[in-house]
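S.K.: Below is a structure I'd like to ask you about.
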Amino acid sequence: MYVAAAPPSAPSPPPQPGTPLSPHEHALFVEAVEQHCNAAEAATGEACWARIAAHVRTRTADEVKAHAQYYLMSLQSRNPEITAAATAGASAPAWSPAENAAFEAALAQIPEDDPDRWDKIAAGLPAKSPADVRQWYERLLGDLLEIERGAHTA
């Protein structure tokens, strides 16, 4: 008896901008972090984010960067020692838990494409300059890449 093959399934529509990554997209994200980026490059350039986006295929560089930011905060909320361990010995000035909480709250409120983002975040942190704020952000993103590689485990 002949059984006709099932018609190919329609491709999934592209995700709407601003929606969370699907589990499959997140797996591709993690794979891309491991394959394409090192912490030093990720902290200083956009090439790493472009490579991750190309690997995920359904997201822009800005979307994967935002995902990295939220993923790092999620990891930190589950294990606060991650930040302390990952940034131990860093040359950046120390950040208190209150400063870090204010930083994270402002980071979530001020859009990435705001040209004055670092100035606005620093305005809420009297002891920090815009350069300190940006350096801390880049350091945390670099730490995320190390965490993804298994360099810091709970």
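Each value in this text was obtained by applying a stated rule to the coordinates, not by laboratory testing. For clarity, every value in this text was computed on a predicted model and none was experimentally measured. Methodologically, a virtual Cβ is constructed for each residue, glycine included, from the backbone with ideal geometry; neighbour enumeration extends over all protein chains shown.
S.K.: Multiply the residue gap between Arg134 and Ala94 by 0.36 nm, knock off their C-alpha separation, and tell me the result in nm, one decimal place.
M.R.: Separation in residues times 0.36 nm, less the Cα-Cα distance, equals 13.0 nm.
S.K.: Suppose the chain between Ala127 and Arg57 were pulled fully straight at 0.36 nm per residue; how much longer would it get relative to their current alpha carbon spacing?
M.R.: This chain segment gains 21.2 nm when fully extended.
S.K.: Spelling out what I want: for every residue of the stretch 102-107, take phi, set θ = phi - 60°, compute 6.51 cos²θ - 1.76 cosθ + 1.60 (Karplus), and round to whole Hz; glycine and proline get x.
M.R.: Computed from phi, the couplings for the stretch 102-107 are 5, 4, 4, 5, 5, 4 Hz.
S.K.: May I ask for the net charge around Leu21, where only other residues with Cβ less than 11 Å from the Cβ of Leu21 are counted and Lys, Arg are +1 while Asp, Glu are -1?
M.R.: Cβ neighbours under 11 Å give a net charge of -1.
S.K.: With label points built 7 Å along Cα→Cβ from the Cα atoms of Ala50 and Asp116, find their separation and express it in nm.
M.R.: Going from the Ala50 label point to the Asp116 one covers 3.0 nm.
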